[in-house]
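Just below is one structure, and these are the notes that go with it.
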């Protein structure tokens, strides 16, 4: 049977949930699909490309359909979506952090954060720095209790708002 890329990613997510990141290999995934490992290379150049696709799909599944009116609300939404995606699946947090650090995937949340900050009036430097700061906060604190996470996020957003008031105003 021939699988589409989306089918392979979906099966890889299921394998990740059942076995964890350490056990997710091209060989094991191929066995689960009933194909030779070489068949997976039709869709992915290597394991890191597969992991990037898995991370991106986990993040996409965590997106909420919404219309956001303020840049602060959008930043909060992106951070909460990222956190939710990281804790929703086994080892997803580690996977997302790894592929983001390698630059192979999971870049969309940071791009969305930068765009929201630019819309708020941030220059390129502040938009990049603010997005990276928020991203690293979420990556490091995804497992915090809800109230602690919300408070930490509010502190960061307040700081960015104050900085924007100085640089834009």
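The values are calculated or read from the model by the stated rules, or taken from the named source; none is laboratory data. Quick caveat, the model's predicted, so the values are computed rather than measured. Every residue, glycine as well, gets a Cβ built from its backbone with ideal geometry; the counts of neighbours run over all protein chains shown.
Any residue at all in the stretch 28-44 that is outside any helix (DSSP H, G or I), assigned by TED's automatic domain parsing to the domain that holds residue 150 and either touching a residue at least 60 places away in the same chain (Cβ under 8 Å) or more than 27 Å from residue 131 (Cβ to Cβ) (or both)?
Looking only at the stretch 28-44, we keep the residues that are outside any helix (DSSP H, G or I), and these are 34-36, 41-44.
Applying the additional criterion that residues be assigned by TED's automatic domain parsing to the domain that holds residue 150 yields none.
For the stretch 28-44, residues outside any helix (DSSP H, G or I), assigned by TED's automatic domain parsing to the domain that holds residue 150 and either touching a residue at least 60 places away in the same chain (Cβ under 8 Å) or more than 27 Å from residue 131 (Cβ to Cβ) (or both): absent.
Scanning the stretch 19-48 for residues that are surrounded by 14 or more Cβ atoms within 10 Å (Cβ to Cβ), out of contact with any helix residue (DSSP H, G or I) (no Cβ under 7 Å at 6 or more places or on another chain) and more than 22 Å from residue 94 (Cβ to Cβ) yields 35, 41. The residue that is surrounded by the fewest Cβ atoms within 10 Å (Cβ to Cβ), counting only those in the stretch 142-161 that are under 25 Å from residue 98 (Cβ atoms) and touching a residue at least 24 places away in the same chain (Cβ under 8 Å), is 143.
Where in the stretch 58-169 are the helices (runs of 4 or more DSSP H), entirely inside, with at least 3 residues that are within 19 Å of residue 16 (Cβ to Cβ) and outside the structural domain of residue 18 (by TED's automatic domain parsing)?
On the way: elements: 71-88, 92-102, 108-119, 124-141, 146-168.
By residue number, 71-88, 92-102.
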